[in-house]
Amino acid sequence: MRATRWLMGLGVATLLSTPATAAGQTAVRQTAFGIKGGVTYADAAFYDQFTSVARARTLVGAFVTLPLSDRGTIQIEALHIEKGFATTGLHEEGSTTTMSYLDFPILLRFRLTPQPSRVSPILMAGGYWGHEVACRSIGGVASFEESESCEGRFELRGVADVGLTVGGAVEVAVTGGWFVLVDARYHVGLRNLHWDPASDGSNARNWSALGGVGLRIDR
């Protein structure tokens, strides 16, 4: 899988990056924390006759960034993210499914500039673990159920998901240790959901765009 190879390559580059400071100088490594939020374009990869249609969703959360080297960091996030999809070809009627997860991504990040600067472009990749906190389905088979919850239609679904994330970010220093950031990422679930006994299953996937604000603290 390309995402896996990309993650391995970024991990090697991050861990092997070495200080580029002159003799006698000590590189300043900074811990950062902050909040971020944005929109996610969510759908699912189905392995049978259904067609998935992506829909806009939201995500919001917090992060902490820890230094690994002069150019490499690891970022740990806690996000509330909405996933889901619309389908066609289901009993001549489409359906809409919305899932809410608490996701916990762990991302390796590599700054492309050799020295800290006001504008810092960053590559990132990693994995996440997510736990479903809500699921709602409207239309299709669900319209014949007494409830619009996912229990009637998706009896075999798992409430946990794991997946991969790849993307890029730009951080812009504002004043003192404060900075603003934007990032774009693609995340795909690796757990086959197997929601329907007659289905081959599906994997949730999302394109996301986020913005946020953070504060750096010298170590």
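Among residues of region 60-84 that are among the small types (G, A, S) and open to solvent by less than 10 Å² (accessible area, probe 1.4 Å), those with a Cβ under 6 angstrom from a residue that is assigned to a strand (DSSP E or B) and at pLDDT 95 or above, sequence gap 6+ or separate chain, pair up as G72/F110.
Per this entry, Q25 is not counted among residues that are closer than 30 Å to R136 by Cβ, surrounded by fewer than 16 Cβ atoms within 10 Å (Cβ to Cβ) and at pLDDT below 60. Checked against the criterion of being modelled with pLDDT of 90 or more, closer than 30 Å to R71 by Cβ and touching a helix residue (DSSP H, G or I) at 6+ places or on another chain (Cβ under 8 Å), region 127-145 contains one or more residues that satisfy it.
The values are calculated or read from the model by the stated rules, or taken from the named source; none is laboratory data. Since this is a predicted model, take the numbers as computed values, not measurements. In this analysis, Cβ positions are derived from the backbone assuming ideal geometry, glycine residues included, and neighbour counts consider all displayed protein chains. Accessible surface is based on the protein model in full, side chains and every heavy atom, while ligands, DNA and RNA are left aside. Shrake-Rupley method; radii C 1.70, N 1.55, O 1.52, S 1.80 Å.
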